[in-house]
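Undergrad: Sharing a structure with you now.
Each value in this text was obtained by applying a stated rule to the coordinates, not by laboratory testing. Computed from a predicted structure; not experimentally measured. Counting neighbours? That spans all protein chains shown, and the Cβs are built from the backbone with ideal geometry, glycine included.
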Amino acid sequence: MPMTNTPKSGMPPGALPMLILRVLHSSSLHGYAIAQRIHVLSSEVLAVEEGLLYPTLQKMLVKGWVTGEWGTSETGRKVRFYRLTPEGRKQLKAELSGYDRMTQAIQEVLRTA
Amino acid sequence: MGELMRRIRYLLNRRRFDAELENDMEFHREMAARAGRRNFGNTLLLRERAREAWGWTWFDRLSQDLRYAARILARSPGFTAMAVLVLAIGIGVNVSAFSLFNLVALKPLPVRDPDSLVRLERRSPQSYTSEMPYPSFAFYRDHAKTLSAAIAVLGVPPMQIDEDVVPASASFVTPNYFVELATPAAYGRMMDPSRDGTPGAQPGVVLSYAMWQRRFGSDASVIGSTIHLNRKPVTVIGVTPYDFASLGGQGPDLWLPIALQPYLIEGSGVLTDPLNSSVRMWGRLAPGVVAKVAEQELRELTNDLRRQSPKAVWDNEYIQASPGGHMQVMQPEMYRVAAMVAVLTLLILAVACANLGALLLAKAVTRQHEIGIRVAIGAGRGRIFRQLCTESLVLAVLGSLAGLALGCLVLRVALSELNAPKWLSAAPDWRVLLFTMGLTLVAAIFFGLAPALQIARQRQQKTIARQILVAAQVAASCVLMIVAGLLVRASQHALYTDPGFGYEELLSIDPGLGRHGYSPMAAKEYLSQLQTRLSAVGGVKAVSLVKLPPLGHIVSNMSVEVNGRQVEIYPNWIEPGFLKTMSIPLILGRTFYPGERHAVIVSESLARREWPGQDPIGQQYLNGDERDNVVGVAGNARVNAISDDDAVELYWPAQQQDMPDMVVMVRAAGPPDKLPPVAKSISESIDPKLFPEIRQLKLLYRDNVLGVERVAAVVSLIGMVAVLLAGVGIIGLVAFTVSQRTKEIAIRLALGAKRAQVLGTIVRQFSWPVCIGLIAGTGLAGVLSKFLRKALYGVSNLDPLGYGGAIAVLIVVLVVAVLFPARRALRLDVAKSLHCE
């Protein structure tokens, strides 16, 4: 039985890595906490599904933007925490400025058209 | 650490990273469950999707497919062994053919800087010769700035060592030969330009390794000793290495400095005669120069040379520089032969692939069930197609490995049979491996693609694809059989038919007067003495002179347009008695008068082409600016074009200036075996400086035929292999059809059908593809064999016997292949086969 795998969060495509990079900027988190943090910070607008979160995290690991290290969760379980690498920081900066430029451009159009 | 490295780390530690991922997701689920959410979806699928980010999914699928393919193949070992064997033969034949081509034309010689060696040859739009006069060579050597060195090689007739009966082959070379190739001496020293370059130097000879072993018993103390060549003392200075690689694959027994040539061959003017094309030239390109640039400079030098000695240079002559650092310098004609061989060997591969493709298609029917299950549980067509292609690729790789081994083995045997230079090795190099890999891929596509497509689309019931493959097999093996048949006919023809002259009792004596500097007058004097004395010997029936004797060292031909058709004419220069000596009949007219000029005798076939329906006698034959009267018509004889039946011959009376080049032909009354020693002593008593080459035509002719026979044997073997492959393939297919239709046949028989009728329906399914294959194959062979004409010894390339024989053999094999398994249908136990379902 085929399964639908489109996220229902309404998140623009490509935004998730930027969001992950951003929430990891302040502290390293495990996967569930990343999803939670994004959900909470977006005033419960954005829901990050497992089906999208983990492939994205794996991609970011391979790209070298984040690394995984073992830690203990708030429930006392051994779990992997994701931490931003210097390359990840650079990538975040690049994505943010790119995003700024994009929104500015869109704003411009919306204002003047 | 780059991304690629990280990926590879993920590949190597897949198990650990997968466990970590699993742990992550499990934790996520626990936490979510606490928060009250319960639907997670398919965990395995989620994990798989996450893993895709590592970029190794294709690898996983491939290893899955490979494992599955290995299991499938291992489950039917009989089929697998058969398939590998069929492929090994198809690929092995191609690998050995390519390896041979590689050794001859592609592999660089193991000498210093083989890439900068070039072979330099005279060409013009009308003419080509592989040799040039020594003074021209010296001119190019002294003036060409694009060449850092120039090497000349002068081949000479065999020389006599001391009082040996068997003469030794010899080459004169410029003393830089071994320096340029950086050849180390096995013993003693190689030539040295400073010591062996001048005529006044102490005469020295370098022995070949084989000569040193054979004649001198591998005795190292022979270095420094003196031997006699043509009765002149010469010091042995060295021995070439065992695995010596020479230019152009040449392997004489003796290597001599070219400066010694006038000393050893007395009276010779070869080194000073600007018109005598006699040396082969190689050059080494100066650093950074490409062959085209050298050709440019040499073209200018050729023009300078023309100003110096106008006769030495043709109109529009230029020097062609071709890569010389290989065993064989390839000429366009050789590429044509290579292409011909390639077509034949690729046909074998085609037979093998068509064979295997048909087998795979048949096997697909039995796999219907398995594929059906896989489709039912969710495998896409693409996935199944990929799986089937992987299976074919595994088969192809196994077949190629076996083929590579087979090919190298064949090459090894061939190299030792052909007495090839010792540096050539049968071990595959990177070119052969690359070729094999390419061939593997081609073969896999050829035999695997059609079945895979059909199976993946689940349409395997159609028999049309199988029938096409049967037709292709039959066509390809038909071509091979016909070519083999023609070559067998040619070798028989060559053995048992007459080349137009009686060769059994003939002897040719080449005194080599020109090489010894005889003037025309002196030559005439010598020859008439020799002829008189030979005629007086008991058992000699006739003696005469000819310039180009049969199976001689020089063959001259001209391509002329006669009445709109290109005809190869082989001209010759003869003395009046030549036709009688050779037993060539004079059909019309007369032979020449002594000293006659502007007369010509043509062969019957030339007369018929040139003047159809007219009396040729008294006609004028145009030769450049000259007009010659046709005085006679001789029977067709292939004096020079021994294997080319299309060729026609033409005889001019030999003139005074031809005398130094004339060869004496002697016809004995019986077997001429006793004559050579007599002829030798007569020649010695006239002029002891000469060492005439005395040859029995019977023996030469036999050697020549042996070569054709060998080729015919190899091609027949290949043809038989192809036919057997096709036969085995068809046996398998018919057997399979019978077993598939057992029930139908049983019902028919139960309902009262005659067994012959039942047999007919089975056979009919294969009869039309076989017929189409035969017709297509015969047509293709008719076209391809045109290129063979010149090698067929007068057998037509449409020779009905060759075609008939080949097709008959093929039909017998095919009928047996169809009827043998079809018989099973006739012996069917009706009750039993109906009960079993």
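Undergrad: What number, rounded to the nearest 500 deg cm²/dmol, is the helix-based mean residue ellipticity at 222 nm of chain B, given -39500 (n - 2.57) per DSSP H run of at least four residues and division by all its residues?
TA: -17500 deg cm²/dmol
Undergrad: Next question, about the same structure. If one takes the longest principal axis of the Cα atoms in chain A, at what angle in degrees, from 0 to 90 and to the nearest 10, does the Cα axis of helix A:86-112 lie?
TA: Relative to chain A, helix A:86-112 is tipped by roughly 30 degrees.
Undergrad: In addition: Hey, any idea what Rg/Rh is for region B:154-247, computing Rh the Kirkwood way over Cα pairs? Each step should come with its number before you reach the end.
TA: On the way: Rg = 12.6 Å, Rh = 13.7 Å.
Rounded to two decimals, Rg over Rh is 0.92.
Undergrad: For region A:25-103 and region B:260-299, write down the distance between their C-alpha centroids in whole Å.
TA: 78 Å
Undergrad: For region B:483-569, taking Cα atoms only, what is the radius of gyration to one decimal and the Dmax to the nearest whole Å?
TA: 18.4, 52
Undergrad: What is the extension gain from B:ASP113 to B:ASP615, computed as 0.36 nm multiplied by their sequence separation minus the C-alpha to C-alpha distance, in nm to one decimal?
TA: Roughly 174.5 nm would be gained on extension.
Undergrad: Given R₀ = 30 Å, what would the calculated FRET efficiency be for B:SER309 paired with B:GLN655, taking r from the Cβ atoms and rounding to 0.05?
TA: 0.85
Undergrad: Averaging sequence separations of C-alpha pairs under 8 Å and six or more residues apart, then dividing by the length of region B:181-324, give the relative contact order as a whole percent.
TA: Rounded, it is 23 percent for region B:181-324.
Undergrad: Determine which lysines satisfy two conditions relative to A:LYS59: a Cα distance under 24 Å, and not lying fewer than 8 residues away in the same chain.
TA: A:LYS8, A:LYS78, A:LYS90, A:LYS93
Undergrad: Where in region B:96-133 is the amide nitrogen less than 17 Å from a point lying 7 Å along the Cα-to-Cβ axis of B:LEU434?
TA: Those under the cut-off are B:98-109, B:115.
Undergrad: Quick one: Debye curve from the alpha-carbon atoms of region B:628-698 only, equal weights, vacuum; give me log10 I(q)/I(0) at q = 0.11, 0.17, 0.18, 0.28 Å⁻¹ to two decimals.
TA: -0.45, -0.95, -1.01, -1.27
Undergrad: Please give the average number of partner chain Cβ atoms lying within 10 Å of the Cβ of each residue in A:57-66, rounded to a whole number.
TA: The mean count of partner-chain Cβ atoms within 10 Å per residue comes to 5.
Undergrad: How crowded by other chains is B:46-59, given as the mean number of beta carbons from other chains within 10 Å of each beta carbon?
TA: That average works out to 4.
Undergrad: Here is a follow-up. Based only on Cα atoms, what Rg/Rh ratio does region A:59-113 have, Rh being taken as Kirkwood's radius?
TA: Rounded to two decimals, Rg/Rh equals 1.29.
Undergrad: Hey, can you rank B:569-578, B:85-94, B:351-360 by average C-beta count inside 10 Å, highest first?
TA: B:351-360, B:85-94, B:569-578
Undergrad: Over the Cα atoms, compute the radius of gyration (one decimal) and Dmax (the largest Cα-Cα distance, rounded to a whole number) for region B:205-339, in Å.
TA: 19.3, 53
Undergrad: Something else about it: In terms of Cα to Cα distance under 19 Å, which lysines are near enough to B:LYS754, apart from those fewer than 8 places away along the same chain?
TA: B:LYS743, B:LYS832
Undergrad: With a 10 Å Cβ neighbour count serving as the proxy for reagent exposure, in which order, fewest first, do B:VAL630, B:VAL118, B:VAL104 appear?
TA: B:VAL104, B:VAL630, B:VAL118
Undergrad: Let me ask another. Taking beta carbons within 10 Å but only from partner chains, what does the mean come to for residues B:18-31?
TA: Across the residues of B:18-31, the mean count of other-chain Cβ atoms within 10 Å is 5.
Undergrad: Moving on to the next point. Note down the Stokes-Einstein diffusion coefficient of region B:356-478 in µm²/s, whole number, using a Kirkwood radius over alpha carbon pairs, 25 °C, and 0.890 mPa s. Could you put the intermediate results ahead of the total?
TA: On the way: Rh = 16.7 Å.
D = 147 µm²/s.
Undergrad: Another question, if that's okay. How large are Rg and Dmax for region A:15-112 when only the alpha carbon atoms are used, in Å?
TA: Computed over the Cα atoms of region A:15-112, radius of gyration and Dmax are 14.9, 55 Å.
Undergrad: Enter the mean projected area of the convex hull around the alpha-carbon atoms of chain B, in nm², rounded to one decimal.
TA: Numbers: hull surface 206.3 nm².
Taking the Cα atoms of chain B, their convex hull projects to 51.6 nm² on average.
Undergrad: How long is region B:331-425 along each principal axis, judged by its Cα atoms, biggest number first, in Å?
TA: 62, 26, 20
Undergrad: Measuring from centroid to centroid over Cα atoms, what is the spacing of region B:602-661 and region B:486-565 in Å?
TA: Spelled out, the Cα-based centre of one part sits 16 Å from the other.
Undergrad: For region B:114-326, what does the convex hull of the Cα positions come to per residue, in cubic angstrom?
TA: Dividing the Cα hull volume of region B:114-326 by its residues yields 122 Å³.
Undergrad: Note down the nm distance, to one decimal, between modelled labels 7 Å out along Cα→Cβ at B:ASN563 and at B:ARG67.
TA: Using points 7 Å along Cα→Cβ, the separation is 7.8 nm.
Undergrad: Please give the charge dipole size of region A:15-112, origin at the Cα centre, charges +1 on K and R Cβ atoms and -1 on D and E Cβ atoms. Round to the nearest 20 debye.
TA: Values: 13 positive and 9 negative charges, 65 e Å.
Computed about the Cα centre, the dipole is about 320 debye.
Undergrad: So how do B:323-332, B:306-315 stack up, highest first, on mean other-Cβ count within 10 Å? Don't skip to the answer; put the middle values down first.
TA: On the way: B:323-332: 17.9, B:306-315: 13.4.
Descending packing order for the listed peptides: B:323-332, B:306-315.
Undergrad: Quick one: longest stretch of chain A between exposed loop GluC sites (Glu not before Pro), exposed meaning at most 14 other C-beta atoms within 10 Å and loop per DSSP?
TA: A:1-43
Undergrad: Right, next: What does the charge dipole of the protein assembly as shown about its Cα centre add up to, to the nearest 20 debye, if the Cβ of each Lys and Arg holds +1 and the Cβ of each Asp and Glu holds -1? Can you show the working numbers first?
TA: On the way: 100 positive and 78 negative charges, 1110 e Å.
So the magnitude is around 5320 debye.
Undergrad: Then there is this: Distance check, please: which entries in B:LYS698/B:LYS786; B:LYS524/B:LYS580; B:LYS541/B:LYS698; B:LYS311/B:LYS680; B:LYS524/B:LYS698 exceed 25 angstrom between their Cα atoms? Provide the component values of the computation, followed by the final result.
TA: Values: B:LYS698/B:LYS786 30 Å; B:LYS524/B:LYS580 21 Å; B:LYS541/B:LYS698 17 Å; B:LYS311/B:LYS680 37 Å; B:LYS524/B:LYS698 28 Å.
Violating the 25 Å Cα-Cα cut-off are B:LYS698/B:LYS786; B:LYS311/B:LYS680; B:LYS524/B:LYS698.
Undergrad: What are the lysines whose alpha-carbon lies under 18 Å from the alpha-carbon of B:LYS232, with same-chain residues fewer than 8 places away excluded?
TA: Here the lysines satisfying the reach criterion relative to B:LYS232 are B:LYS689.
Undergrad: While we're here: Which value at 222 nm does chain A reach when only helices count, each DSSP H run of 4 or more adding -39,500 (n - 2.57), with the total divided by all residues and rounded to the nearest 500 deg cm²/dmol?
TA: Values: 4 runs with 64 residues, N = 113.
Only helices count here, giving -19000 deg cm²/dmol.
Undergrad: Positive end of the charge dipole of chain B (Lys, Arg +1 and Asp, Glu -1 on Cβ, about the Cα centre): tell me which of B:PRO125, B:ALA722, B:ALA321 has its Cα farthest that way.
TA: The listed residue farthest towards the positive side: B:ALA722.
Undergrad: Note the angle between two axes, namely the Cα long axis of helix A:50-63 and the longest principal axis of the Cα atoms of chain A, as a number of degrees from 0 to 90, rounded to the nearest 10.
TA: 90 degrees
Undergrad: Taking only the Cα atoms of region B:1-153, how large is their convex hull per residue, in Å³?
TA: Expressed per residue, the convex hull around the Cα atoms of region B:1-153 is 316 Å³.
Undergrad: Got the relative contact order for chain B handy, in percent, Cα pairs under 8 Å and 6 or more residues apart?
TA: Relative CO of chain B lands at 15 percent.
Undergrad: Also, I was wondering about something else. Taking 0.36 nm per residue of sequence separation and subtracting the Cα-Cα distance, how much length would be gained by fully extending the chain between B:GLU693 and B:THR761, in nm to one decimal?
TA: Between B:GLU693 and B:THR761, full extension yields an extra 17.5 nm.
Undergrad: Further question: Between B:ALA405 and B:VAL714, what is the FRET efficiency for a Förster distance of 22 Å, r being their Cβ-Cβ separation, to the nearest 0.05?
TA: So, using R0 = 22 Å, E works out to roughly 0.65.
Undergrad: How large is the charge dipole for region B:601-735, taken about the Cα centre, if only the Cβ atoms of Lys, Arg (+1) and Asp, Glu (-1) carry charge, to the nearest 20 debye?
TA: 640 debye
Undergrad: Going by alpha carbons, how many degrees (0 to 90, nearest 10) lie between the helix axis of B:430-456 and the longest principal axis of chain B?
TA: Orientation of helix B:430-456: about 40 degrees from the principal axis.
Undergrad: Of the beta bridges DSSP finds with both residues in region B:114-326, what % are antiparallel, to the nearest 5?
TA: 80 percent
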